[in-house]
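Reading through the structure tokens given below for one structure.
The values are calculated or read from the model by the stated rules, or taken from the named source; none is laboratory data. All of these numbers come straight from a predicted model, not from anything done at the bench. When we count neighbours, we look across all protein chains shown, and the Cβ atoms used for this are built from the backbone with ideal geometry, even at glycine.
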Amino acid sequence: MSSRIFRPGDRIPMELGGEAEITQTLGQGGQGAVFRASYRGHDYALKMYFPNKLKNPALFRENLQRLCEQGIESPAFVMPLMLTADTGEGFGFLMKLIPPEYAPFSDILNAKVKLSGLYAIVNSAIRITAAFRELHNSGRSYQDLNDGGFFIRPSDGNVLICDCDNIAPYGEHLGIAGKPGYMAPEIVRGEKAPDKLTDRYSLAVVLFRLLLRGDPLEGSKVLKSVCLTEDAERRHYGFEPKFVYDPEDDSNRPVRGVHNNIIKFWKIMPDYIREAFTYSFTMGLFQPEKRLIEKQWLELLIRLRSDISACTCGAQGFISGSERDPDGKVVCPCGNHYQPPLALHRGRQRILLFEGAKLFGENVEPVGEVVRNKVNPGLWGLKNLSSGEWSCTLPNQQEKQITPGSAAPIFNGTKITIDGDICEINGDIG
């Protein structure tokens with residue numbers, strides 16, 4: 001099978017008939033190249049492979065066919081839609097284009113793109129984790145989690161996951177090991193092929209990099225390797241991995257001036273997040289079966305989202321990880337000391353009611369948002385962003401109906417019924 005070089009203007013026969021015309025080159029990687037292509041009046045992304053770069057082209061194509069037919073329920077995955085015809089000049093598939101408002105995860109990690117705030121950051125972590133929970137529940141693994149596989153919408157943290165051609169059923173390996181720094185240690189050591197347990201290690205790395213903007217295994221010990229050769233990578237990430245905040249060994253601590261992000265964000269993370277990462281990169285390094293599962297991460301991340309608060313200066317932080325003064329007020333880095341806001345409790349969920357705070361339903365879309373009264377800015381309300389009506393009981397027992405688009409007044413003691421759940425506003429932030 002030849003490795004033809006494809007260019008704009010080339011027409012590629014499709015397996016289901018017709019031809020896709022390449023209109024633009026979008027990028028190139030180790031396995032192949034991605035193009036913008038027009039097919040039957042619509043624009044798609046077209047990925048064409050370099051057959052000589054695939055370990056088993058026939059098995060790879062067979063798996064792609066299966067992905068086209070089965071798909072995944074989660075809308076986060078940008079799945080293969082249709083294969084090209086097998087003409088002997090290589091093969092590929094069509095998939096949806098990534099919308100322009102989404103940014104590569106790598107650009108976010110490199111600070112080329114900034115997410116809108118903590119809600120967007122934590123929401124993206126929740127969406128990534130929920131997507132991989134669905135994938136693993138379907139009996140498949142991704143096999144190659146890294147910063148090149150995600151696109152995030154900075155405004156709200158919505159996530160699209162590409163490079164889905166490596167997804168395969170448990171026990172089936174397509175020859176892709178992964179990217180250094182994201183691969184589980186046992187893969188780096190060559191002891192096993194990727195599966196859901198190695199996915200879970202890579203997921204922890206992705207979450208760490210998203211929340212703390214650094215490498216969980218790169219500290220002073222790694223920096224001593226002036227040139228991170230392949231042998232050095234195998235040692236630091238496979239045979240002698242050491243978490244930068246290992247409680248039993250400080251030999252690989254973050255270095256000020258180099259790892260400033262990790263140092264800064266580790267301090268403001270709530271204890272339960274620090275403990276989860278510590279467990280993941282100590283116990284989880286060498287005992288794959290003990291790695292946190294997606295459900296555990298989701299519970300922690302939803303709790304983290306409920307911990308988001310904000311100072312009057314606009315700076316956001318996590319209330320559980322914040323410094324407090326002797327009077328119990330939150331100390332903001334800007335110098336302000338502010339009283340913790342009222343909280344709305346909905347079952348096990350809680351949100352702190354500052355301007356712009358959001359209440360989420362069972363999915364990741366907001367159903368409520370804290371807004372100021374346009375006539376009297378001193379009064380705040382919880383705006384109904386859902387399609388259903390809420391009922392509200394004020395502290396004086398006055399009852400109100402909160403239609404979509406209107407807001408329930410925020411007072412200590414207000415009760416709001418949302419989708420059958422009685423939610424209460426009070427000063428108990430837990």
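Can you work out which of the residues in region 328-383 that are among the polar types (S, T, N, Q) and more than 30 Å from ALA131 (Cα to Cα) is surrounded by the fewest Cβ atoms within 10 Å (Cβ to Cβ)?
Checked region 328-383; the qualifying residue surrounded by the fewest Cβ atoms within 10 Å (Cβ to Cβ) is ASN376.
Within region 15-26, identify whether any single residue is touching a residue at least 24 places away in the same chain (Cβ under 8 Å), among the hydrophobic types (A, V, I, L, M, F, W, C) and closer than 21 Å to LYS179 by Cβ, and answer yes or no.
Scanning region 15-26 turns up no residue that is touching a residue at least 24 places away in the same chain (Cβ under 8 Å), among the hydrophobic types (A, V, I, L, M, F, W, C) and closer than 21 Å to LYS179 by Cβ.
I'm trying to understand the selection: among the residues of region 139-161, which are part of a strand (DSSP E or B) and either under 25 Å from GLN28 (Cβ atoms) or of a type outside the set (S, T, N, Q) (or both)?
Of region 139-161, the ones part of a strand (DSSP E or B) are 140-141, 150-152, 159-161.
Scanning region 139-161 gives ARG140, PHE150, PHE151, ILE152, VAL159, LEU160, ILE161.
Let's see how each residue does on (1) in a loop (DSSP other than H, G, I, E, B); (2) within 21 Å of ILE126 (Cβ to Cβ):
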{"residue": "ASP215", "(1), (2)": "yes, no"}
{"residue": "LYS221", "(1), (2)": "no, no"}
{"residue": "TYR245", "(1), (2)": "yes, no"}
{"residue": "ARG253", "(1), (2)": "yes, no"}
{"residue": "VAL258", "(1), (2)": "yes, no"}
{"residue": "THR278", "(1), (2)": "no, yes"}
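If VAL331 satisfies every condition in (1) farther than 15 Å from ILE425 by Cβ; (2) within 24 Å of the chain's Cα centre (by Cα) but one, which is the exception?
(2)
Looking at ALA232, is it assigned to a helix (DSSP H, G or I), of a type in the set (Gly, Ala, Ser) and in contact with a Lys or Arg (Cβ under 9 Å, 6 or more places away or on another chain)?
Judged against the criteria, ALA232 is not a match.
Let me spell it out: the conditions are (1) within 31 Å of the chain's Cα centre (by Cα); (2) surrounded by fewer than 16 Cβ atoms within 10 Å (Cβ to Cβ), and ILE429 meets all of them except one. Which number is the exception?
For ILE429, the failing item is (2).
Would you mind telling me which numbered condition in (1) over 19 Å from PHE151 (Cβ atoms); (2) free of Cβ contacts under 8 Å to residues at least 60 places away in the same chain; (3) among the hydroxyl-bearing types (Ser, Thr, Tyr) THR84 fails?
(2) is the only condition that THR84 fails.
Which residues, counting only those in region 338-352, are assigned to a loop (DSSP other than H, G, I, E, B) and closer than 22 Å to PRO377 by Cβ?
Scanning region 338-352 gives GLN339, PRO340, PRO341, LEU342.
Let's see how each residue does on (1) of a type in the set (A, V, I, L, M); (2) farther than 19 Å from PHE105 by Cβ:
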position	(1), (2)
ALA168	yes, yes
GLY181	no, no
ILE187	yes, yes
ALA193	yes, yes
ASP199	no, no
GLU233	no, yes
HIS236	no, yes
PRO241	no, yes
PRO247	no, yes
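If the requirement is being assigned to a loop (DSSP other than H, G, I, E, B) and closer than 25 Å to PRO409 by Cα, which of these qualifies: GLY335, GLY328, GLY314?
Exactly one residue qualifies, and that residue is GLY314.
What are the pairs, 6+ residues apart or on separate chains, where a residue within region 284-309 that is in the same structural domain as TYR237 (by TED's automatic domain parsing) has its Cβ under 6 Å from a residue that is basic (Lys, Arg) and in a loop (DSSP other than H, G, I, E, B)?
Here the result reads GLY284/ARG291, each pair linking region 284-309 to a residue that is basic (Lys, Arg) and in a loop (DSSP other than H, G, I, E, B).
Show me the strands (runs of 3 or more DSSP E) found entirely inside region 353-430 where at least 2 residues are closer than 25 Å to GLN316 by Cα.
358-360, 366-372, 380-384, 407-409, 421-426
Going residue by residue through region 212-227, is there one that turns out to be closer than 30 Å to TYR119 by Cα, of a type in the set (A, V, I, L, M), crowded, with 23+ Cβ neighbours inside 10 Å and at pLDDT 95 or above? Before the answer, list the steps.
Quick first cut of region 212-227, residues closer than 30 Å to TYR119 by Cα only: 212-219.
From what is left, the residues that are of a type in the set (A, V, I, L, M) are 212, 217.
Among the residues that remain, those that are also crowded, with 23+ Cβ neighbours inside 10 Å are: 212.
Cutting the leftovers down to at pLDDT 95 or above gives us 212.
Scanning region 212-227, I find at least one residue that is closer than 30 Å to TYR119 by Cα, of a type in the set (A, V, I, L, M), crowded, with 23+ Cβ neighbours inside 10 Å and at pLDDT 95 or above, so the answer is yes.
Can you find a residue that is assigned to a helix (DSSP H, G or I), in contact (Cβ under 8 Å) with a residue 24 or more places away in the chain and at negative phi anywhere in region 35-46? Talk me through it step by step, then tell me what you get.
Going through region 35-46, the residues assigned to a helix (DSSP H, G or I) turn out to be none.
Looking for residues that are assigned to a helix (DSSP H, G or I), in contact (Cβ under 8 Å) with a residue 24 or more places away in the chain and at negative phi, one finds none in region 35-46, hence no.
How many residues does region 83-118 hold that are buried (at least 20 other Cβ atoms within 10 Å of the Cβ), touching a helix residue (DSSP H, G or I) at 6+ places or on another chain (Cβ under 7 Å) and modelled with pLDDT of 95 or more?
Selection size over region 83-118: 3.
Is one or more of the residues making up region 51-70 closer than 20 Å to GLY149 by Cα and part of a strand (DSSP E or B)?
For region 51-70, residues closer than 20 Å to GLY149 by Cα and part of a strand (DSSP E or B): absent.
Got a number for residues in region 4-14 being within 14 Å of LEU94 (Cα to Cα) and surrounded by fewer than 15 Cβ atoms within 10 Å (Cβ to Cβ)?
2
How about region 24-42: which of its residues are at pLDDT 95 or above and surrounded by 14 or more Cβ atoms within 10 Å (Cβ to Cβ)?
Matches in region 24-42: PHE35, ARG36, ALA37, SER38, TYR39.
Has region 125-138 got any residue that is over 18 Å from GLU294 (Cβ atoms), among the β-branched types (Val, Ile, Thr), in a helix (DSSP H, G or I) and at pLDDT 95 or above? Can you show your working first?
Within region 125-138, the subset over 18 Å from GLU294 (Cβ atoms) is none.
No, every residue in region 125-138 fails to be over 18 Å from GLU294 (Cβ atoms), among the β-branched types (Val, Ile, Thr), in a helix (DSSP H, G or I) and at pLDDT 95 or above.
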